[in-house]
Amino acid sequence: MSEQTNSANLPGLSPRVQKNFRSFLQDILASFPEKILSVSLAGGCVTGDYLPGKSDVNPVLVLTEITPQTLDMLAPLSRRYSRKGLSAPLIMTPIRGFSRFCAPCSPSYR
C-alpha cells in the first residue's frame, strides 16, 4: 500500500473500517489516478455520529471529469466495498469559476 493511503487519518473508525477504506482508496488511485482531484469522507464517520455495525462510510470523489468509462470502472468497486461498509461514492467535478460565485465566502475576499 502506498504512503499516500497509509497516511489517511481516520480517527474514530474501527481498524477493520479503516483497512477497508484504505483498500478502497488504493483501488481508486490505481484505477484512474489522472482524473482524481480529491478523495474525502462525509457523514457520521467525520462528524462523530458513526455507529460501528450500523453506519456506513461515505466516500466523496472529486474528479476532473465524469465519463461513462469512469462510471464503468467505479461500479464494481462500489459493489465490492458496499459489502465492507462503504457506501457508493458521491462523485462530482469542480465548478469552473466557483470562486467568482462564492467570493463573499472566501477569506481572500475581505
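Of all the numbered requirements in (1) outside any helix (DSSP H, G or I); (2) at pLDDT below 90, Leu37 misses one, and that requirement is (2).
One residue stands out in the stretch 12-39 among those that are free of Cβ contacts under 8 Å to residues at least 40 places away in the same chain and over 25 Å from Leu51 (Cβ atoms): the one that is surrounded by the most Cβ atoms within 10 Å (Cβ to Cβ), namely Lys35.
Summed over the stretch 47-79, the residues that are closer than 19 Å to Ser23 by Cβ and surrounded by 14 or more Cβ atoms within 10 Å (Cβ to Cβ) give a count of 12. Looking at the stretch 5-20, is at least one residue in a helix (DSSP H, G or I), under 16 Å from the mean Cα position of the chain (by Cα) and modelled with pLDDT under 70? The answer is yes; a qualifying residue exists.
The values are calculated or read from the model by the stated rules, or taken from the named source; none is laboratory data. These numbers come from a predicted model, not from an experiment. As a convention, Cβ positions derive from the backbone with ideal geometry for all residues, glycine included, and neighbour counts pool all protein chains shown.
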